[in-house]
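For reference, the structure discussed in these notes is given below.
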Amino acid sequence: MGPGPEISGFVVLLRVLLFPLFFLSAWVSAETVKLDSGWSYRWGDSAFDSSGVPLWTQQSDPQAWHAIAFPADPPDRADKQNIWFRTLLPEGDWRDPVLYISSVDLIVEAYVDGRKIYSYGHFDEQGKGTFEGWPWHMIELPSGSQGKPIYLRIFSDYKNIGLWGEVKVTERSELISSVINESLEGIIVGVFSLVIALLAVVLACMQTERRMFIAVALYSLSAAGMVIPGSPVSQMLLNAPLVWDYIGALGYYLMPVAMALLMETWFKDRSVRVYRMVRWVSIAYIGLAIGGSLLGLVELSNTYPAFDFLFAISLVLLFLPALRGLSGFSRQQWAVLGSYGLFAALLLVDMGVAHKFLPWVKVPIPWGSLAFSVVVVLIAVIHFNQTQRELKSLNESLDRQVKARTAELELLSYEDPLTKLKNRRFFDESFEREASRSKRQGCPLSLLICDIDQFKHFNDTQGHAAGDEALRQVGLKMKQAFRQSDLACRYGGEEFVVLMPGASSADAVARAEELRRAVAANDMSMDGKTLPRITLSVGVASWPGSASRIDTLFARADQALYKAKRAGRDRVIDADFETYSPEGS
């Protein structure tokens, strides 16, 4: 059974054209139940009996399943690629119920009563598959399935795994109406963008400054390539999700190329090299990503994260040359920057939602694109008659954009501003990478978890400023105690972690003891006042060694830290060995 409804393109087109009458004629408002809670998951893949029934759908093994609010990216994934989700289908008065899912990373099968009722993508004998597009899914629910559990079998080698967006049970007719309704703005904007592109091509043939109109045409085609494949109704018109994804990816990846051309045209007296660099780097990425995907060297889904990072940087770089000589801006240049800033902000929010930095919300990308398209085509038409004026009123708007963009970049920083050590985000990403490398190369990996003893009491008696100074001093001692290859990070509050690739348990304990002594012997003062000395408790775990499995390394080190606290603090404890205490104790 393929994704989406089986409905003719002619009927869809007719419903789009008669959209207002379509809803006036609706005689019933179908109930819709969102499935955003009550899920559970199980890592791995189920075995199947001789009849093709998954054993996990027949077995009652509650301890193997774990509760989760929404079926996406459960904890402890590591390098796991197979997962099952399950939940109970709601009761409701539906005549033709369907389960709607906005998107799945990456391929999925659905089972009720052990019977497969839906499949998107192909699972091989090992339970794996390949990326086949990001469609929305309409799963027909069999009669009598209400109140029964539904099981979703999923494979993903992408950075995310599971469901994304909305998950709900509703009437089929209600869903189709909703899809058409949600698609109207995208189709309107897409068609309008295609008209602008055609107009720009005609003007390019008539005007002397053809470069600008070519840039407008390229941008409009790029915008249409983004919003039309992203409209749900496109899947109903042509049920070829991977084709739409390639069109969408090409439109998306062309966006910085078109923007660089437009900026180079409107700000030609600025640094042209930046615009050309963005343009050619983006063109090179398009060749590598789209070409590599078509040749089977890389899956299209895995080309998005790197491009999003590249695009976010490009959005900032395109502004930098324009920041020189603001007083010389014309009204047209300010209009370009303002509308582009709005569209760029929407794109950044959309990236945040796509990569789950932000909660799911529908971002009005089509309207942002439309706003920018209207501005660029109007400026292109009246470009030769405009003069420099009304610059001061727009200066504050640009400053706000620069500050907002600077704040966004600071949020993405990997550095803790107080201690100048790396932060938790950096540690989490580095741990996965170093753990995989250690397993692959057979090299040891040690982890230290450090905690300042009685830090709350120190803060309460000495003040928060003194507490900050204590944290800075610990950060300084950590930089002095460890190798350049070691990753020292502030994990949160008064807790620090150190990841030591290639270090044995003995090496890690020695370094930890050196750090403990240095902290205990350190004299601190602030504003001429001597502060009490602080001490450090450290838990150490190593693989192979105290941690039999590398993914338990953090838990083992945390247990050792707990033992150090209970044993009297100011000491180092290895996960499986003796206590290393201060000299003389």
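The values are calculated or read from the model by the stated rules, or taken from the named source; none is laboratory data. The shown structure was predicted, so the numbers you read here are calculated from the model rather than taken from an experiment. Every residue, glycine among them, receives a Cβ derived from its backbone with ideal geometry; neighbour counts consider all protein chains shown. These accessible areas exclude ligands, DNA and RNA; they are computed on the full protein's heavy atoms, side chains included. Shrake-Rupley method; radii C 1.70, N 1.55, O 1.52, S 1.80 Å.
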Between Ser183, Ser177, which is crowded, with 20+ Cβ neighbours inside 10 Å and either touching a helix residue (DSSP H, G or I) at 6+ places or on another chain (Cβ under 9 Å) or assigned by the TED database to the domain that holds Asp76 (or both)?
Ser183
Boolean, Phe131 is farther than 21 Å from Ser231 by Cα, surrounded by 17 or more Cβ atoms within 10 Å (Cβ to Cβ) and hydrophobic (A, V, I, L, M, F, W, C):
no
Cβ-Cβ distance below 6 Å, separation of 6 or more or different chains: which pairs start in region 464-483 with a residue that is more than 19 Å from Lys422 (Cβ to Cβ) and end on one that is exposed (fewer than 15 other Cβ atoms within 10 Å of the Cβ)?
Ala466/Met526; Glu469/Met526
Of (1) surrounded by 22 or more Cβ atoms within 10 Å (Cβ to Cβ); (2) closer than 29 Å to Ser177 by Cβ, Phe192 fails just (1)
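To keep it simple, each residue is scored yes or no on (1) at pLDDT 90 or above; (2) out of contact with any helix residue (DSSP H, G or I) (no Cβ under 8 Å at 6 or more places or on another chain).
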position: Arg15; (1), (2): no, no
position: Ala26; (1), (2): no, no
position: Gly44; (1), (2): yes, yes
position: Asp93; (1), (2): no, yes
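When region 507-527 is examined, which residues are found to be open to solvent by 30 Å² or more (accessible area, probe 1.4 Å) and assigned to a loop (DSSP other than H, G, I, E, B)?
Correct list: Ala521, Asp523, Asp527.
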Tell me, please, whether a residue that is of a type in the set (A, V, I, L, M), loosely packed, with under 14 Cβ neighbours inside 10 Å and over 15 Å from Ala557 (Cα atoms) can be found in region 528-539.
no
Go through (1) modelled with pLDDT under 75; (2) outside the structural domain of Gly251 (by the TED database); (3) in contact with a strand residue (DSSP E or B) (Cβ under 8 Å, 6 or more places away or on another chain) for Glu415 and report which single condition fails.
(1)
Do we find a residue being open to solvent by less than 10 Å² (accessible area, probe 1.4 Å), part of a helix (DSSP H, G or I) and not hydrophobic (A, V, I, L, M, F, W, C) anywhere in region 492-506?
no
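Return the total of residues in region 66-80 being charged (D, E, K, R) and open to solvent by 60 Å² or more (accessible area, probe 1.4 Å).
3
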Region 98-124: number of residues that are farther than 14 Å from Pro54 by Cβ and either open to solvent by 10 Å² or more (accessible area, probe 1.4 Å) or part of a strand (DSSP E or B) (or both)
13
Within region 148-165, the count of residues that are modelled with pLDDT under 90 and either over 23 Å from Asp76 (Cα atoms) or buried (at least 20 other Cβ atoms within 10 Å of the Cβ) (or both) comes to 1
